[in-house]
């Protein structure tokens, strides 16, 4: 990990991702000084209590002053404001990255807010449904992919430093352009979240099936969607607003495919249903082979409690 | 468990559910003789190898002859044929139940196939994405709900015996009418499966995002859907064909709700998105409190491998 030549790392935003970055740095890059900041005083107080970072100053100026790496871990809709807040206090030679789930809009926002600063956006594809300063853990990134989307004109040596940083936290890294990232994530992450939020909402609104029935019988499939639909609402609102075009396009395709299945059910076309349901198993197998999910049945849920 | 006065229990169909019923009986009702049968000779051979039941005869006649309980564990589309196959060989006083995921159509099919026989349909709301004779385990039903849908004219003492049977296997039981069952399950199980199958199909068909990218970045949410979409295709084809009306109605409501969110994204209505995403967290909390899911973040997936 000698390639990581960052010695003072500021983490702005101390939720699930920021907390995990801070813990990851402390665990894997103990020589670096970590500074944590959150706009919410209660989160700062909690971060100090649990020693999330070496220092948790009261102001963002103090947090980023002298830092050679700043990791912005705020919702994507707050990136531009965070960029403007840190801009006057950045040291020369600093690299700014982030963990936002959409990249083209974040790249534009940070380029506007931080003219002349080396900005190399990142997206570690990792998370849980939990949020807040207590939710993070150092191993969150282990074995997960982190997509880095350097602007065309950026110094390659700086990109290499950012890649080495994520590798030090246990991630596997990939370089991609921001627009392609946004299309890939629209289908692998944003659309699944949108659909999960929708179906959980649909189930809550039924008159003839009670909420308590929905909860009781959730083990038939519904409960898996509720995990995703328990994710942070602010973060996800911002993702959909910032990656609007790609999400709407994927949603359009999904709706067309759903209409086809709806027609097959209406017509009683068992052959079409069987064929569709058969070809989806291979993808599951590949995801497990690639180490991106748990191979144990039912996610290894305990059946003995 | 003295209320379970079944002494010879035949399990027809030795997949995930049938295998779990057979193992559950052997574990929790050791005094009963278990007979297993599957239409597939390879499954019968495997069932004998792993001692899934006390006896695995070559014919369905031998399997059900003398049984006082028959549990049909075949796909719902095969229930009527299974009923007709066992009809001539049933002992007087036998109770027939099943594990099908839709109940009104199964009740009709079994009433047609088994005139004069005591049929009390059941649906244990439990399962994993695995299938086949090796997939089952005795604890599958533990703490899960089993919905029993007795016909109006059935002897209540017989219903009590069926309820006690499922309780002996560890399930919590609930009595419901078949039509209401089908609406509840349409939203808590059938619609989630349909949507999961759809989105996994949509992702596979994209031209500009490769299959390998979908797999690599699946940890952003998509992987949870692939688990459900790896479920048995025959079983699910039959569920959608047999519970068509309720599924189509729930699908219609889901589509309307999805269109509302689509409009909010298009118009940039962050307030509507935030409100929708906020009210879904409470349901997750209730599901965990009710013991129907794992409280650990990310389903307790290992982050250290």
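What the table shows:
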| item | result |
| --- | --- |
| Test: residue in segment A:290-300 that is free of Cβ contacts under 8 Å to residues at least 12 places away in the same chain, within 19 Å of residue B:216 (Cβ to Cβ) and outside any loop (DSSP other than H, G, I, E, B) | no |
| Residue in segment B:89-100 that is more than 12 Å from every other protein chain (Cβ to nearest Cβ), farther than 21 Å from residue B:243 by Cβ and in contact (Cβ under 8 Å) with a residue 40 or more places away in the chain present | yes |
| Single residue of segment B:296-305 satisfying the filter (surrounded by 13 or more Cβ atoms within 10 Å (Cβ to Cβ) and farther than 19 Å from residue A:190 by Cβ) that is farthest from the chain's Cα centre (by Cα) | B:303 |
| Verdict on residue B:218 being more than 21 Å from residue B:71 (Cα to Cα), outside the structural domain of residue B:106 (by TED's automatic domain parsing) and crowded, with 22+ Cβ neighbours inside 10 Å | yes |
| Flag for residue B:163 being over 25 Å from residue B:84 (Cβ atoms) and free of Cβ contacts under 8 Å to residues at least 40 places away in the same chain | yes |
| Residue within segment B:174-190 that is touching a strand residue (DSSP E or B) at 6+ places or on another chain (Cβ under 7 Å), part of a helix (DSSP H, G or I), more than 7 Å from chain A (Cβ to nearest Cβ) and crowded, with 21+ Cβ neighbours inside 10 Å present | yes |
| Residues within segment A:46-73 that are part of a helix (DSSP H, G or I) and either in contact with a helix residue (DSSP H, G or I) (Cβ under 6 Å, 6 or more places away or on another chain) or in contact (Cβ under 8 Å) with a residue 40 or more places away in the chain (or both), tallied | 6 |
| Matching residues in segment A:266-289 - criterion: being modelled with pLDDT of 95 or more and in a loop (DSSP other than H, G, I, E, B) | A:268, A:269 |
| Selection count where residues are in contact with a strand residue (DSSP E or B) (Cβ under 7 Å, 6 or more places away or on another chain) and away from every other protein chain (no Cβ under 14 Å), scope segment A:108-150 | 9 |
| Residue match in segment A:269-289 (condition: under 25 Å from the mean Cα position of the chain (by Cα) and farther than 16 Å from residue B:231 by Cβ) | yes |
| Odd one out for residue B:256, checked against (1) under 30 Å from residue A:102 (Cβ atoms); (2) in contact with a strand residue (DSSP E or B) (Cβ under 8 Å, 6 or more places away or on another chain) | (2) |
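Here is a yes/no grid of residues against (1) crowded, with 24+ Cβ neighbours inside 10 Å; (2) within 23 Å of residue B:301 (Cα to Cα):
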position: A:169; (1), (2): yes, yes
position: A:214; (1), (2): no, no
position: A:227; (1), (2): no, yes
position: A:234; (1), (2): no, no
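Residue-by-condition table, conditions (1) touching a strand residue (DSSP E or B) at 6+ places or on another chain (Cβ under 6 Å); (2) surrounded by fewer than 23 Cβ atoms within 10 Å (Cβ to Cβ):
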site	(1), (2)
A:7	no, yes
A:10	yes, no
A:15	no, no
A:32	yes, yes
A:36	yes, no
A:41	no, yes
A:46	no, yes
A:56	yes, no
A:59	no, yes
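The values are calculated or read from the model by the stated rules, or taken from the named source; none is laboratory data. Everything quoted here is computed from the prediction, not taken from an experiment. No Cβ is skipped: glycine too gets one built from the backbone with ideal geometry, and neighbour counts run over all protein chains shown.
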